[in-house]
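First the structure, in the form of structure tokens, and then the observations on it.
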Amino acid sequence: MAEEIERARRDPQRRLAGCLLLEPLQETKGTVLYRAWDEETRRLAAVRVFPAAQELAPKQLKTLKALRKLRAPGLATPRRYGVDRRRGAYVISSLPEGRLLASFRFKPKHVVLGLRDAARIVHALNRRGFLHEAIQPAGIFLTEEGRGAVIDFGLGELLAPYVSSRFRAPEVLRGTADPRSEVYALGASFYFGLTRQPPGTGQVVPPRQLRGGIPRRIQEICLRCLATEPGERYPTPGHLASDLSEFLTTGERKRG
């Protein structure tokens, strides 16, 4: 990695707010997520850039400032943020271990482990009054051992326009959101991790029809998350995490 960092140091185009941009991890029309080297902390970092955004709204700044103070396992904590005249708005966060769920095919058990961790993280932040509002496979990291981490908290307003509607709850598209909306987005990311396809609109194809080796109970949990009506989903990401933990302990048996 030392050679990679030195190459980046020699290229002025790869510098941003004290970071060296090493490689893009995810690119869409409106945002790029980079793996970077933070020269200030001497650690790897995740840098989310919004080229078209020339400001961070007061609400976003307030949320990011509050999130900087939080420390939670699996949470990519924002370190610095601002606007670069040439590159646009940016947020520099800690870089989780592993790979993006969007870019690597994991074993079903590792997806279950990682999504359980992601649900726990989202639940912990929801309880503190923060909604993510832009959960997607390109915002969840998994290690090959199955540990999960979540990035992009505090960026919902900026990031949501670039997140596929397949990963957003129906009520979010109508302008309302609560923890059950987070459950839907986690479930949609779960579905993608299991099948490598986003859930369809309307009647969702059961994951077991798309990929072998998915336990029946995991399919039930995933499909409950994707219920069209919020009241038919898990009430919080914490309840989702609990059922995933129970499955990992007991297998196919269903509580109660």
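The values are calculated or read from the model by the stated rules, or taken from the named source; none is laboratory data. What you are looking at is a predicted structure, and each value in this text was computed from that prediction instead of being measured. Counting neighbours? That spans all protein chains shown, and the Cβs are built from the backbone with ideal geometry, glycine included.
Could you give every pair whose Cβ atoms fall below 7 Å, whose first residue belongs to the stretch 201-213 and is assigned by TED's automatic domain parsing to the domain that holds VAL111, and whose second residue is surrounded by 10 or more Cβ atoms within 10 Å (Cβ to Cβ) and part of a loop (DSSP other than H, G, I, E, B), counting only separations of at least 6 or pairs across chains?
Between residues of the stretch 201-213 that are assigned by TED's automatic domain parsing to the domain that holds VAL111 and residues that are surrounded by 10 or more Cβ atoms within 10 Å (Cβ to Cβ) and part of a loop (DSSP other than H, G, I, E, B), the close pairs are VAL204/LEU226; PRO207/ILE214; ARG208/ILE214; LEU210/GLN197.
Got at least one residue in the stretch 112-135 being crowded, with 22+ Cβ neighbours inside 10 Å and under 21 Å from PRO51 (Cβ atoms)?
yes
Restricted to the stretch 119-141, and to residues that are touching a helix residue (DSSP H, G or I) at 6+ places or on another chain (Cβ under 7 Å) and small (Gly, Ala, Ser), which residue is farthest from THR236 (Cα to Cα)?
Among those that are touching a helix residue (DSSP H, G or I) at 6+ places or on another chain (Cβ under 7 Å) and small (Gly, Ala, Ser), it is ALA138.
Go over the candidates PRO161, PRO235 one by one and state the one that is surrounded by fewer than 22 Cβ atoms within 10 Å (Cβ to Cβ) and at pLDDT below 95. Quick ask: steps written out before the conclusion?
Numbers: PRO235 fails: at pLDDT below 95.
Checking each option against the conditions leaves just PRO161.
If you go through the stretch 16-71, how many residues are acidic (Asp, Glu) and either in a loop (DSSP other than H, G, I, E, B) or crowded, with 21+ Cβ neighbours inside 10 Å (or both)? Before the answer, list the steps.
Filtering the stretch 16-71 for residues acidic (Asp, Glu) gives 23, 27, 38-40, 55.
So of that shortlist, the ones also either in a loop (DSSP other than H, G, I, E, B) or crowded, with 21+ Cβ neighbours inside 10 Å (or both) come out as 38-40, 55.
Of the residues in that region, 4 qualify.
Has the stretch 241-251 got at least one residue that is modelled with pLDDT under 95 and either within 19 Å of ASN126 (Cα to Cα) or outside any helix (DSSP H, G or I) (or both)?
Checked against the condition, which is being modelled with pLDDT under 95 and either within 19 Å of ASN126 (Cα to Cα) or outside any helix (DSSP H, G or I) (or both), the stretch 241-251 yields at least one hit.
Evaluate the following for ARG116: is it basic (Lys, Arg), outside the structural domain of LEU25 (by TED's automatic domain parsing) and touching a helix residue (DSSP H, G or I) at 6+ places or on another chain (Cβ under 7 Å)?
Numbers: basic (Lys, Arg): yes; outside the structural domain of LEU25 (by TED's automatic domain parsing): yes; touching a helix residue (DSSP H, G or I) at 6+ places or on another chain (Cβ under 7 Å): yes.
Yes, satisfied.
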